[in-house]
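Some notes on the structure that comes next.
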Amino acid sequence: MSRLNSADLESFLCDLLTAAGVPASSASAVAESLVAADLRAHGSHGSLRVPLYVDRIRADGLEPGADPIVNDRTATTAHIDGN
C-alpha cells in the first residue's frame, strides 16, 4: 500500500475542494483541519469527509462561499449561523 505524507494529502484535499468551488482560503483551512483530524486518529472527522462535502456542494446542499455569522458568544459556547 502506498503512503501519502500529510502535506501532500492536505494539498490534494485543498485542490479537490477548490475544484468544487470552495474559495482557496477556506479550502486550505478545511484541508488542514481534516488532515489534523486524520493525524489524531479521528478519521471520521478527517479526509474521508471530502467526497460528502463535494457531493453536497454539487447538490446545492452546501454553499462553499458562505460566510458564517456569530450571533451569540459566551466563554464556552457560540451560536453560529452558517448561512
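The values are calculated or read from the model by the stated rules, or taken from the named source; none is laboratory data. Everything quoted here is computed from the prediction, not taken from an experiment. All Cβ positions, glycine included, derive from the backbone under ideal geometry; neighbour counts span all protein chains shown. Only protein heavy atoms, including side chains, enter the accessible area calculation; ligands, DNA and RNA are left aside. Shrake-Rupley method; radii C 1.70, N 1.55, O 1.52, S 1.80 Å.
Okay, here's what the table says:
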| item | result |
| --- | --- |
| Debye, to nearest 20: dipole size of the chain, +1 on Lys, Arg Cβ, -1 on Asp, Glu Cβ | 240 debye |
| Heavy-atom accessible surface of the chain: percent carbon and sulfur, 1.4 Å | 52 percent |
| Helix-only mean residue ellipticity at 222 nm for the chain, each DSSP H run of n ≥ 4 adding -39500 (n - 2.57), per residue, nearest 500 | -15000 deg cm²/dmol |
| Cα-based helix-to-principal-axis angle, 6-19 vs the chain, degrees rounded to 10 | 60 degrees |
| Calculated log₁₀ intensity ratio I(q)/I(0) where the Debye formula runs over C-alpha points of the chain, q = 0.13, 0.19, 0.20 Å⁻¹ | -0.47, -0.91, -0.97 |
| Using alpha-carbon coordinates, inclination of helix 24-39 to the longest axis of the chain, degrees | 70 degrees |
| Å² per residue, accessible surface of segment 32-83 at 1.4 Å | 77 Å² |
